[in-house]
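Asks: Let me give you the structure first, and then I'll get to my questions.
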Amino acid sequence: MSARFGERVRAALLARGPLCVGIDPHAGLLDSWGLSYDAAGAREFGLRTVDAAAGRAAIVKPQVSFFERFGSVGIAALEDVLAAARAAGLIVIADAKRGDIGSTMDAYAAAWLTPGSPLEADAVTVNPFLGVGALDGAFALAERTGKGLFVLAATSNPEAEVLQRSSNERGETVSSAVIAEVSARNEQASPTGEWGSFGFVIGATVDWTDAGLTAFAPPAPILAPGFGVQGAAPEDLRARFGTMSDCVIASESRSILMAGPAGLAAAIDARNAQYLEVTHG
């Protein structure tokens, strides 16, 4: 039986470091890469990024919206990129931020987490703000199929602060309550000593004290957007995440992708070397 998702991430971070390469075919990037603003351009952009990341980084994260905008042909392009990335041995996180209730959420989970699905990924980002319990079907499917979830917990966008920093009757912020509830599921599902497969999205620019966050157990992967263009640097990783630093997946997109297709592989190597210096000494 293959390793559970949390343990796969743990091994990947130890082997290759924390860098996660975002696959974000922004209009401006497509133009600067000399690609057309359509599904064919997004597909080519994604496949070139996969080729450059393979053997250099452990994880890639396609941003689903940049493919969805082209309709059915964009989804077909995304299917090709997801399949190529998984075939290349990369851990693939679909950044879809799905969240709903009941059978609707179950259907979202089936799309991204079912082996053999056209949109199969290794993990998907999910939104818990309709209630963590609304994600039960996704938790159950991920556990059955050896997949992972990344639950939005403390995002760095200013619009989220009022909601996520609000406190409940126990004095917990919404962010900390989400982490506690998901961590309880990890504790129940994870063998002793293993990482949980239900991870968290915590922005690299989030102040943990302000967000009411503390170290959590069992360990689980932390997907941390905010490195690169958004302001956090590799040398900030340990200061920002403290005792949870070893769990961090440092997501970078534009800061690497702006190197263009000719410079992409070198940019990945250079950036990953900076992370490895921090995490592996």
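The values are calculated or read from the model by the stated rules, or taken from the named source; none is laboratory data. Owing to the predicted nature of the structure, the values given are computational and were not obtained by experimental measurement. Cβ placement follows ideal geometry from the backbone for every residue including glycine, while neighbour counts extend to all protein chains displayed.
Asks: Specify the residue that is nearest to P225 (Cα to Cα); the eligible residues are those in region 243-281 that are among the hydroxyl-bearing types (S, T, Y) and without any contact (Cβ under 8 Å) to a residue 40 or more places away in the chain.
Replies: Per the criteria, the residue is S255.
Asks: Strands (runs of 3 or more DSSP E) wholly in region 51-143 with at least 2 residues that are modelled with pLDDT of 95 or more and not aliphatic (A, V, I, L, M) - which ones?
Replies: 59-62, 91-98
Asks: So for region 58-66 (the condition being without any contact (Cβ under 8 Å) to a residue 40 or more places away in the chain and surrounded by fewer than 18 Cβ atoms within 10 Å (Cβ to Cβ)), does at least one residue qualify?
Replies: yes
Asks: Looking only at region 217-267, count how many residues are over 25 Å from A189 (Cβ atoms) and either part of a strand (DSSP E or B) or of a type in the set (K, R) (or both).
Replies: Summing the residues that are over 25 Å from A189 (Cβ atoms) and either part of a strand (DSSP E or B) or of a type in the set (K, R) (or both) in region 217-267 gives 7.
Asks: Would you confirm whether any residue within region 152-163 is under 24 Å from R238 (Cα atoms) and surrounded by 24 or more Cβ atoms within 10 Å (Cβ to Cβ)?
Replies: yes
Asks: Hey, does region 145-157 have a residue that's under 27 Å from R240 (Cα atoms) and part of a helix (DSSP H, G or I)?
Replies: no
Asks: Would a scan of region 191-207 turn up a residue that is within 18 Å of A12 (Cβ to Cβ), of a type in the set (D, E) and crowded, with 22+ Cβ neighbours inside 10 Å?
Replies: no
Asks: Tell me the residue from A107, A134, A85, A42 that is under 16 Å from the mean Cα position of the chain (by Cα), over 19 Å from I222 (Cα atoms) and among the small types (G, A, S), please.
Replies: Matching residue, one of A107, A134, A85, A42: A85.
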